[in-house]
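A quick write-up on the structure given underneath.
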Amino acid sequence: MPGVSLVGSGSACLSVPLTNDGLSQRVDTSDEWIATRTGIRQRHIAAPTDSLTSLATEAARNALEMAQVGVDEVDLILLATSTPDDLFGSACRVQAALGATRAVAFDLTAACSGFVFALVTAAQYIRTGVFKTVVVIGGDVLSRWTDWSDRTTCVLFGDGAGAVVLRAAERDRLLGFELCSDGSLNHSLNLAYQPESAPLVDGITVQKGSFAPITMNGREVYKFAVNRVPEVIEKALFRANLTTADIDWLVLHQANQRILDAVAARLGVPSERVVSNMARHGNTSAASIPIALDEAVRAGKVQPGDVIATAGFGAGLTWGAAIIEWG
Ligand code: UT7
């Protein structure tokens with residue numbers, strides 16, 4: 001059975017930051033409250049001229065460049081997003097923008113767990129020998145769906161995209177994984193369609209609704225994350241035949257610095273081994289793990305052979321972990 005290796009990473013980050021002080025002009029909050037409760041100091045917001053497609057394409061292009069893989073070699077583009085430019089999917093637009101004409105492309109939606117779910121999905125195509133080269137992208141423009149009058153959510157989120165290139169290899173570097181869902185907790189965090197009735201013809205009424213902005217029970221999601229994330233990482237480590245002592249880098253979904261600290265403490269991972277960029281980017285949903293990973297790779301922290309424990313968690317509710325060896 002062919003194995004999977006991760007051979008490149010890339011990201012696309014927006015240049016103009018929205019600081020906590022900037023947000024305080026809009027809602028009753030402060031840099032002090034946001035920084036102490038979340039670790040976030042700024043986030044980046046997509047301008048009207050940006051799109052999910054443009055961010056995802058830039059991230060994929062940078063990952064392919066690092067991997068030294070040509071667009072004509074790409075078999076599959078998997079785009080994890082909850083904020084597509086088109087509800088029918090945005091991956092094909094990315095395929096066209098990249099010029100990856102041989103590749104099949106589709107979207108995968110699992111909110112902030114999307115990147116981990118897509119990584120594991122992509123790996124199955126490689127392991128079965130169906131595809132040799134896959135680009136996995138996590139991208140979100142949550143600012144489109146943020147209620148800018150709700151200080152309990154609008155201070156958390158930012159926009160961006162990150163990507164990795166996976167290739168078939170002799171030795172499998174996806175060492176273990178575990179994916180979970182619990183739809184009974186869907187009410188804790190959602191971006192739900194709200195149908196309204198519109199009469200069409202005699203006797204037939206159709207739905208004519210819209211999406212409500214993001215709603216979240218922060219305390220519930222916080223408790224869920226600090227309990228479930230260490231558990232799912234331990235299960236993935238077990239499948240990899242490793243222990244927490246083998247983790248070189250903990251790359252978690254960047255939701256809240258307090259969650260990162262609590263998960264690391266629970267697993268006994270020292271803070272210098274925890275990758276965090278939340279102060280600069282906030283929570284970028286499906287993009288947060290690949291952006292954090294790409295920054296750590298480009299900073300020379302993550303080296304070939306390092307064991308990375310990564311975990312995503314969020315709406316669905318969904319959560320999942322993957323243990324990977326870089327390079
Ligand atoms: O990516 C998806 C995953 N999402 C998450 O992981 C989010 C998980 N949850 C969290 O990170 C935290 O629950 C939050 C950061 C969202 C909130 O922190 P908290 O420590 O749980 O605060 P809280 O909701 O318990 O609110 C404490 C107080 C409240 O005031 P009272 O009722 O005590 O008077 C809030 O109204 O802080 C108030 N508050 C704010 N004050 C200033 C809430 N938001 C703000 C704000 N600025 N932005």
Would you grab the residues whose amide H sits under 5 Å from the one on LEU175? Only those 5+ places off in sequence or on another chain, please, with H modelled 1.01 Å from N. ILE323, ILE324, GLU325
Per-residue ³J(HN,Hα) for the range 301-312, Karplus 6.51 cos²θ - 1.76 cosθ + 1.60, θ = phi - 60°, Hz, x for Gly and Pro: 6, 7, 10, x, x, 5, 9, 10, 9, 10, 8, x
Which of the aspartates and glutamates could a cross-linker span from LYS301 if the Cα-Cα distance has to be under 13 Å and same-chain partners fewer than 8 positions apart are dropped? ASP248, GLU272
Of VAL206, VAL164, VAL27, the most mobile residue in a GNM of the chain (C-alpha springs, cutoff 10 Å) is VAL206
Label-point gap, in nm, between THR205 and ALA47 - each point 7 angstrom along Cα→Cβ: 4.5 nm
I'd like the accessible area for LEU242: 1.4 Å probe, protein heavy atoms, all chains in place, Å² to the nearest 10. 50 Å²
Computed curve, the range 44-91, Cα-only Debye sum without solvent term, log₁₀ I(q)/I(0) at 0.13, 0.28, 0.29, 0.30 Å⁻¹, is -0.35, -1.13, -1.16, -1.19
At most 16 other Cβ atoms within 10 Å and a DSSP loop assignment: could you name the chymotrypsin sites (Phe, Trp or Tyr not before Pro) in the range 38-120 that fit? PHE88
Alpha carbon centroid spacing (whole Å) that separates the range 123-175 from the range 218-281: 18 Å
Show me, for the range 284-289, the HN-Hα J-couplings you get by feeding each phi into the Karplus relation (A = 6.51, B = -1.76, C = 1.60, θ = phi - 60°), rounded to Hz, glycine and proline as x. 9, 6, 4, 7, 5, 5
What lysines sit close enough to LYS235 to cross-link, taking a C-alpha to C-alpha distance under 23 Å and skipping anything fewer than 8 places away on the same chain? LYS223
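Quick one, can you get me the convex hull of the C-alpha atoms of the range 240-308 expressed as volume per residue in Å³? Please report the intermediate quantities before stating the final value.
Working: hull volume 6.3 nm³, N = 69.
Per-residue hull volume (Cα only) is 91 Å³.
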Pulled fully out, how much extra length does the chain show between GLU73 and SER184, if you take 0.36 nm times their separation in residues and subtract their Cα-Cα distance? 35.8 nm
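The values are calculated or read from the model by the stated rules, or taken from the named source; none is laboratory data. In this text, all values refer to a predicted model and were calculated from it rather than measured experimentally. Positions of Cβ are backbone-derived with ideal geometry, glycine not excepted, and every protein chain shown enters the neighbour counts. Note: areas computed on protein heavy atoms with side chains; ligands, DNA, RNA excluded. Shrake-Rupley method; radii C 1.70, N 1.55, O 1.52, S 1.80 Å.
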